[in-house]
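Asker: Below you will find the structure I want to go over with you.
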Amino acid sequence: MSIAIVIPTYNEAANIGTLLNRVLAVGPEYHAIVVDDNSPDGTADVVRAIAAKEPRVHLILRTADKGFGLAVRAGFARALETDAELIGQMDADGSHDPQVFEELRAAIEAGEADGMIGSRYLATSEIQGWNLHRHANSRVANTLTKWIARLPIADATNGLRLFRRDVLEALDLDRLQSRGYSVILETNYCAHRLGFRLGERPITFHPRAAGESKLGFREVLRFLRFLLALRFRAVPGIANPRAARLRIPAG
Ligand SMILES: Nc1nc2c(ncn2[C@@H]2O[C@H](COP(=O)(O)OP(=O)(O)OP(=O)(O)O)[C@@H](O)[C@H]2O)c(=O)[nH]1
Ligand SMILES: [Mg+2]
């Protein structure tokens, strides 16, 4: 059984080599699909050099329409073309520990859930290196998300997740609306609305190892716009009468 981990990257040349080694070291069944938006720092070149020697590393180079959400969707679509039974996602900057996938996998294999999330907001979770401003931002976003999306999970916006492949098959990736970070919430939300069970495990969220954050004000605004739209949009495969009446463009 193989496990495909999708890793979106933008200017992660300093981090991606170390991270790929860590992902591959989790187990021989782990494959990495790096989705790079043509980073000016040469991230794709680093990945290409590793992929030339390591068949479990794959690169998708996107050259138009940059976006975290578009990249994640492209990565999931590629993963569905492989025989991977479990498909995951993580950041490239060292904030997420790939070893957590083994815990998430065990929970899915035990039948606890169809998709498992590494959570920053359970009792024993830990977030390292955030200043007050970053904590406040995340708390507000998370509270708004809980209030609007009403998902049965504490952390609906962290990009460390693992799904059974049938969850992603059911999502209809082409019909998702998110181009940015809201893709995490959107996919969790759609999976839940489609009747799949989501679970969580506590994680330690580490500070970014090198490079700069891409989470700017524009991305925050896009996320808020997506939240607004969420209650009034159709979920692919689910009828939503409110969606026909009010259409707010998604983030
Ligand atoms: N392909 C692609 N990847 C992106 C894009 N924006 C961010 N990423 C990647 O997505 C992951 C998360 O981005 P970060 O900048 O770390 O955002 P964050 O983790 O929310 O913010 P920090 O905690 O401040 O690092 C990283 O691996 C980024 O390289 C994008 O537009 N396209
Ligand atoms: Mg980060």
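Asker: Criterion first (under 22 Å from Leu80 (Cα atoms) and open to solvent by 60 Å² or more (accessible area, probe 1.4 Å)) does Glu126 satisfy it?
Answerer: It is false that Glu126 is under 22 Å from Leu80 (Cα atoms) and open to solvent by 60 Å² or more (accessible area, probe 1.4 Å).
Asker: Would you confirm, using the coordinates I've provided, whether Arg78 is basic (Lys, Arg) and either within 16 Å of ligand 2 (Cβ to nearest atom) or touching a residue at least 12 places away in the same chain (Cβ under 8 Å) (or both)?
Answerer: It is true that Arg78 is basic (Lys, Arg) and either within 16 Å of ligand 2 (Cβ to nearest atom) or touching a residue at least 12 places away in the same chain (Cβ under 8 Å) (or both).
Asker: Now for a different question. Before we move on, is Pro152 open to solvent by 40 Å² or more (accessible area, probe 1.4 Å) and either in contact with a Pro (Cβ under 7 Å, 6 or more places away or on another chain) or in a loop (DSSP other than H, G, I, E, B) (or both)?
Answerer: Judged against the criteria, Pro152 is a match.
Asker: Filter the range 97-137 down to the residues that are assigned to a helix (DSSP H, G or I), out of contact with any helix residue (DSSP H, G or I) (no Cβ under 8 Å at 6 or more places or on another chain) and not small (Gly, Ala, Ser) and list them by number.
Answerer: Scanning the range 97-137 gives Val100, Glu103, Leu104, Arg105, Ile108, Glu109, Leu132, His133, Arg134, His135.
The values are calculated or read from the model by the stated rules, or taken from the named source; none is laboratory data. None of these values were measured; they are calculated from a predicted model. So basically every Cβ, Gly included, is an ideal-geometry build from the backbone, and we count neighbours across all protein chains shown. Protein only, heavy atoms only, side chains kept; ligands, DNA and RNA dropped before computing areas. Shrake-Rupley method; radii C 1.70, N 1.55, O 1.52, S 1.80 Å.
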